[in-house]
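Q: The following block contains the structure, expressed as structure tokens.
The values are calculated or read from the model by the stated rules, or taken from the named source; none is laboratory data. Just so it is clear, the structure is predicted and the values come from calculations on it, not from any experiment. Positions of Cβ are backbone-derived with ideal geometry, glycine not excepted, and every protein chain shown enters the neighbour counts. With ligands, DNA and RNA removed, areas are computed over all heavy atoms of the protein, side chains included. Shrake-Rupley method; radii C 1.70, N 1.55, O 1.52, S 1.80 Å.
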Amino acid sequence: MLLFLTCSLLAQPQADYPALKQRLQRGNSAEARAGYEQLAKEPRPSVAVFVGLAAVRRAEGDYSGALEALDAGLKLFASEPSLLAHRSDLFYFLGKWDEASQDAEAAIKKQDANFLARWTRARILRDRGDLAAADKEVRWFVKSYTDASNADKELTDPEQLLLVGQAGTENARWNQKPQQFSFILNEVYKDALKYDADCWQAEALAGRLLFEKHNRADALTAFDQALKINPRAVEALVGKGVVALEILDSVTAGRMADQALKVNPKHPAALRLKADVLSAEGDLAGAERLLTAARLINPRDERTLARLAGINQIARKPAMAAAITKEVESFCTKPGVFFLELAEALALRKQYPAAIEAYRKAAAVRPDLSSPRAGLGLLYMQLGREPEAQVELEAAFKADPFHVRVSNALRVLKHLEGYTTTETPHFVIRFDPKTDEVLAAWLADYLEEQHAEFAKLYGAVPPGKTLVEVLATREMFSGRVTSLPGLPGAAQGASTGPLIAIPSPHSDGKPKLYNWGVVARHELTHAFNLTQTGYLVPIWLTEGLAVRAERTNRFDAHAGLLRDRLAAGTAFDLDSIAQGYHNFANPPDVMLAYYQGLLYVEYIIKTYGEEAISKLLAAYQKGLDTAAALRIACAVQKDEFEKGYRDFLREFVKSGPRREKPMTFAELEMTYKKSPDDADVAARLAEEYLRRGKPTEAKKLAEQVLLKEAGHPGAALVKARLLQREKDQSGARAVLEVAGKANPENLRVLSALGRLHLELKQTEEAIAVFEAIRKLGSAETEVLETLERLYLAANKVEPLAQLWSELASRTPDELAYRLKLAQHHRDAERHNLAEKWAREALFVDVLNVEARAILLAALHAQNKSAEAEAIEKRYE
């Protein structure tokens, strides 16, 4: 959207038009509107008043008001080219092409070099599908800029420079002149800023062009620069949101959309961004409502219509999708943008066959565009169809070598040329023979074992052979998964259904060990769930099943997070959990989403039986939403299901510490004055006194509470700390023991008592307390590690082995516990358990010499010599 006022209109001596323009450019639309409205009341306002007032109203989403302002100006200044051009631009924005064309032609007739009117003409021709005529028009801009430069009369009007940049970008796309992109960024848009330091539009357009090439870092810098000038610049806010959405940060994307819609609640791009966020989180109905609103503003915007068609296609409403497509084809003979945007929307929702078809249609009707072939090539990469990807990506790169994702994908393909392939009945495994030959041999057998198990569990198998690639470097792993760098280091695998990608445990020449067996089970679960449901399984279900398939307890460490969020009312439900998976800017949200997804699965199985999972998957395969799927699979309404799940969670975390409402010191003192007999408040205030260095007040309050309620946990903790300060350890112990007997499930009291026993070197007593915490099922890993040290010091071998097993389950990537258990069972001649834990150790470090030796010895001891020999051959 263009908000500039031409310089010729601003040279009015009777009013400070530059100041009003600057207010608008810096986001102060209220003052700008007031100023223009005041000027409009004059007997004969200037043309600039009506153009400026329309710009303000348009920036706020008052499009009818903007049109009224321009109409009023044209009543006074009939056939004024500037007013006609701005009205044509507004009509185009609203999808009223006939009116836009009429005004543009009238303006050009009056003023042949009217840049804005010519840009409207070019866009209408482009959007109708008359590319030859549109190309002629955009070349006019390039020629005008070049002619002016050659005549030493460089363009200095920022509005004209912005239009030259946009037209030049189209010319570069259509005629495969990628070198022009750099010129537009570094010359044209920079000149616009040189001649007007408040020209935030130049930065916003630069950011949009950079992001088109997937240069995220520079795009974000440009958008931020635009927002420094105008914090309310909708186009820049939307741009930042789109970047956030690409890196799976839907929370930031949603926040940017909300900020943009607060400025202009009727901005189609902001509405589309918010719809994209909702769609990514599975709220197709909410996305459709927003897109319908955007469609009412501009019924001919192919980007909006493509998303609506995509939603209908995903929701298994092909007739509706076809009707939208037919509508687009009625006003555009070459709807390449529509099919491109449709393909992107479908690909994001993993509707791969339909996305491929849409990409192909886009490329067929608009062969001048590189984006459809780039998108198709990148999608083929996701699907493991690398030979086809190579063809499309090379063509796209030739047309546009500045496309970062295309360039990165080609680098990955080049890297993969040195890989070796091994095949099994259900998998094709590719790996670097220099680093991962042994791992590939283990993977081949292990994946087949898991495939057989999952086939029985789910009653379906992925079609064809699943491609599994072990990437030798983290850079190549990130490039293979997203065609971009920067995949979070915690990511240890990815699955698109037909493809599973994992980083080598020896990536970049340095051991970065992780449990590849756990990752294989997790990602294979996705391969089954995605393909059997036609990629319609919601993220909470497939991730919950995948975490369950890991057979670990790695999320036990996050029980406290779940407990706190549940108490605060901020735990996820089925409507919000997808947001958590996509909120990489907030790691606790991601962890909680994975944990709750697992617990949703556990709750379903416990309450409705294992068969309910298969029924749910079948319901999603039919395209049903979650409410309908739950009715069919579990015979329960969604709200009733959520209530039962909440009760399940409360029972699950009930042994943990109670979350108290946060209060400031002043609030605590006031509450205590109002309720001096409230033991909990008094104890909290005593603890706050102690924290603030007021031991006398703390002691007085704590003793008052303990006189009324012996063993009160909060007061006992304060009294014990005071006694410890006085070196009265036995007195502190006595206070805590009384509190522990009164509150046998209070983790704070038990932890304090356990630590005190440690200080007093009372090993047996400390073990007893820490075991009590462990039995509550809420022990932090630190508690278990403390127990490990105590058992080691006391030489308690069997309890130590049980503890190692629990620690191994919590820390799937930890080699030491698995190796210790393998050694322990080997020494005790429990050969079956020695075999189990030696295998577990090799799942973390397939090259570990000791784990291999223990495994081979255990196999021979169980008369499994043939299997032992087969494993030995893997290392030859």
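Q: Hey, can you tell me all the residues within region 82-107 that are of a type in the set (Gly, Ala, Ser), under 20 Å from ASN298 (Cα atoms) and either buried (at least 24 other Cβ atoms within 10 Å of the Cβ) or at pLDDT below 95 (or both)?
A: Going residue by residue through region 82-107, those that are of a type in the set (Gly, Ala, Ser) are 82, 85, 88, 95, 100-101, 104, 106-107.
Then keep just the ones that are under 20 Å from ASN298 (Cα atoms); that gives 85, 88, 95, 100-101, 104.
Listed by number, the residues that qualify are ALA85, SER88, ALA104.
Q: Further, regarding this structure: Taking the options PHE402, PHE397, name whichever one is closer than 22 Å to PRO485 by Cα and in contact (Cβ under 8 Å) with a residue 60 or more places away in the chain. I'd like the intermediate steps shown before the answer.
A: Details: PHE397 fails: in contact (Cβ under 8 Å) with a residue 60 or more places away in the chain.
Exactly one of PHE402, PHE397 is closer than 22 Å to PRO485 by Cα and in contact (Cβ under 8 Å) with a residue 60 or more places away in the chain, namely PHE402.
Q: Scan region 783-795 residue by residue and report those that are assigned to a helix (DSSP H, G or I), over 13 Å from LEU750 (Cβ atoms) and either open to solvent by less than 10 Å² (accessible area, probe 1.4 Å) or not aliphatic (A, V, I, L, M) (or both). It would help to see each step written out before you state the result.
A: Residues of region 783-795 assigned to a helix (DSSP H, G or I): 783-794.
Remaining after also requiring over 13 Å from LEU750 (Cβ atoms): 784-785, 788-794.
Of everything in region 783-795, those that are assigned to a helix (DSSP H, G or I), over 13 Å from LEU750 (Cβ atoms) and either open to solvent by less than 10 Å² (accessible area, probe 1.4 Å) or not aliphatic (A, V, I, L, M) (or both) turn out to be LEU784, GLU785, GLU788, ARG789, TYR791.
Q: If LEU439 satisfies all but one of (1) over 29 Å from HIS214 (Cβ atoms); (2) touching a residue at least 40 places away in the same chain (Cβ under 8 Å); (3) assigned to a loop (DSSP other than H, G, I, E, B), what's the number of the condition it fails?
A: The single condition LEU439 does not satisfy is (3).
Q: Would you confirm whether or not region 806-822 contains a residue that is in contact with a His (Cβ under 8 Å, 6 or more places away or on another chain) and at pLDDT below 95? Reasoning before the result, please.
A: Initial filter on region 806-822 (in contact with a His (Cβ under 8 Å, 6 or more places away or on another chain)): none.
No, because not a single residue in region 806-822 is in contact with a His (Cβ under 8 Å, 6 or more places away or on another chain) and at pLDDT below 95.
Q: Tell me which residues, restricted to region 249-292, are open to solvent by 50 Å² or more (accessible area, probe 1.4 Å), farther than 30 Å from ALA66 by Cα and not in a helix (DSSP H, G or I). Before the answer, list the steps.
A: Start the filter on region 249-292 by keeping residues that are open to solvent by 50 Å² or more (accessible area, probe 1.4 Å), which leaves 255, 258-259, 262, 265-266, 283, 285, 288-289, 292.
Filter once more, so that each one left must be farther than 30 Å from ALA66 by Cα: 283, 285.
ASP283, the sole residue that qualifies.
Q: Could you tell me whether ARG480 is within 20 Å of the chain's Cα centre (by Cα), of a type outside the set (Val, Ile, Thr) and open to solvent by less than 30 Å² (accessible area, probe 1.4 Å)?
A: Against the criterion (within 20 Å of the chain's Cα centre (by Cα), of a type outside the set (Val, Ile, Thr) and open to solvent by less than 30 Å² (accessible area, probe 1.4 Å)), ARG480 qualifies.
Q: Taking the residues in region 130-158 that are buried (at least 17 other Cβ atoms within 10 Å of the Cβ) and under 28 Å from GLU327 (Cβ atoms) as candidates, determine which candidate is farthest from the chain's Cα centre (by Cα).
A: GLU137
Q: Ok, one more. Checking the condition free of Cβ contacts under 8 Å to residues at least 60 places away in the same chain, on the phi > 0 side of the Ramachandran plot and either open to solvent by 10 Å² or more (accessible area, probe 1.4 Å) or among the small types (Gly, Ala, Ser) (or both), which residue from SER79, SER64 passes? Steps first, please.
A: On the way: SER64 fails: on the phi > 0 side of the Ramachandran plot.
Every option except SER79 fails the conditions.
Q: I'd like to know if region 511-532 contains one or more residues that are assigned to a helix (DSSP H, G or I), of a type in the set (S, T, N, Q) and either open to solvent by 10 Å² or more (accessible area, probe 1.4 Å) or at pLDDT below 90 (or both). Walk me through it before giving the result.
A: The first filter runs over region 511-532 and keeps only residues assigned to a helix (DSSP H, G or I), leaving 516-532.
Subset that is of a type in the set (S, T, N, Q): 525, 529, 531-532.
Now drop any that are not either open to solvent by 10 Å² or more (accessible area, probe 1.4 Å) or at pLDDT below 90 (or both), which leaves 531-532.
Scanning region 511-532, I find at least one residue that is assigned to a helix (DSSP H, G or I), of a type in the set (S, T, N, Q) and either open to solvent by 10 Å² or more (accessible area, probe 1.4 Å) or at pLDDT below 90 (or both), so the answer is yes.
Q: Now for a separate question. When the residues of region 453-468 are filtered to those that are in contact (Cβ under 8 Å) with a residue 60 or more places away in the chain and touching a strand residue (DSSP E or B) at 6+ places or on another chain (Cβ under 8 Å), which remaining residue is surrounded by the most Cβ atoms within 10 Å (Cβ to Cβ)?
A: THR466
Q: For region 535-567: of the residues being among the aromatic types (Phe, Trp, Tyr) and not in a helix (DSSP H, G or I), which is nearest to the chain's Cα centre (by Cα)? Working first, answer last.
A: To start, the set of residues in region 535-567 that are among the aromatic types (Phe, Trp, Tyr) comprises 535, 540, 555.
Still in the list and also not in a helix (DSSP H, G or I): 535, 555.
Details: TYR535: 18, PHE555: 20 Å.
Filtering region 535-567 for residues that are among the aromatic types (Phe, Trp, Tyr) and not in a helix (DSSP H, G or I), the one nearest to the chain's Cα centre (by Cα) comes out as TYR535.
Q: I'm trying to understand the selection: among the residues of region 296-355, which are farther than 19 Å from LYS274 by Cα, part of a helix (DSSP H, G or I) and among the hydroxyl-bearing types (Ser, Thr, Tyr)?
A: Scanning region 296-355 gives THR325, SER330, TYR352.
Q: So which of VAL537, VAL601 is among the aliphatic types (A, V, I, L, M), within 19 Å of ALA315 (Cβ to Cβ), out of contact with any His (no Cβ under 7 Å at 6 or more places or on another chain) and crowded, with 21+ Cβ neighbours inside 10 Å?
A: Numbers: VAL601 fails: within 19 Å of ALA315 (Cβ to Cβ).
So the residue among VAL537, VAL601 that is among the aliphatic types (A, V, I, L, M), within 19 Å of ALA315 (Cβ to Cβ), out of contact with any His (no Cβ under 7 Å at 6 or more places or on another chain) and crowded, with 21+ Cβ neighbours inside 10 Å is VAL537.
Q: Quick one: in region 387-401, of everything that is in contact with a helix residue (DSSP H, G or I) (Cβ under 6 Å, 6 or more places away or on another chain) and either under 22 Å from PRO353 (Cβ atoms) or outside any helix (DSSP H, G or I) (or both), which residue is most open to solvent (accessible area, probe 1.4 Å)? Steps first, answer last, please.
A: Step one: list which residues in region 387-401 are in contact with a helix residue (DSSP H, G or I) (Cβ under 6 Å, 6 or more places away or on another chain), which gives 388-390, 392-393, 395-397.
Pick out the ones that are also either under 22 Å from PRO353 (Cβ atoms) or outside any helix (DSSP H, G or I) (or both) and you get 388-390, 392-393, 395-396.
Working: GLU388: 72, ALA389: 0, GLN390: 54, GLU392: 32, LEU393: 0, ALA395: 32, ALA396: 3 Å².
This residue is GLU388.
Q: I'd like the full set of residues that are among the polar types (S, T, N, Q), part of a helix (DSSP H, G or I) and in contact (Cβ under 8 Å) with a residue 40 or more places away in the chain, limited to region 801-844. Before the answer, list the steps.
A: In the first step, residues of region 801-844 are kept if they are among the polar types (S, T, N, Q); the result is 802, 805, 809, 811, 823, 832.
Checking the rest, the ones that are also part of a helix (DSSP H, G or I) come to 802, 805, 809, 823, 832.
Across region 801-844, the qualifying residue is only SER809.
Q: Let me spell it out: the conditions are (1) assigned to a helix (DSSP H, G or I); (2) loosely packed, with under 15 Cβ neighbours inside 10 Å; (3) touching a strand residue (DSSP E or B) at 6+ places or on another chain (Cβ under 8 Å); (4) not charged (D, E, K, R), and PRO433 meets all of them except one. Which number is the exception?
A: So the condition that PRO433 fails would be (1).
Q: Got a number for residues in region 322-354 being within 27 Å of the chain's Cα centre (by Cα), at pLDDT 95 or above and among the aliphatic types (A, V, I, L, M)?
A: Within region 322-354, residues that are within 27 Å of the chain's Cα centre (by Cα), at pLDDT 95 or above and among the aliphatic types (A, V, I, L, M) number 4.
Q: Could you pull out the residue among GLU780, GLU798, GLU771 that is open to solvent by 20 Å² or more (accessible area, probe 1.4 Å), under 19 Å from GLY560 (Cα atoms), without any contact (Cβ under 8 Å) to a residue 24 or more places away in the chain and of a type in the set (Asp, Glu)?
A: Values: GLU780 fails: without any contact (Cβ under 8 Å) to a residue 24 or more places away in the chain; GLU798 fails: under 19 Å from GLY560 (Cα atoms).
The match here is GLU771.
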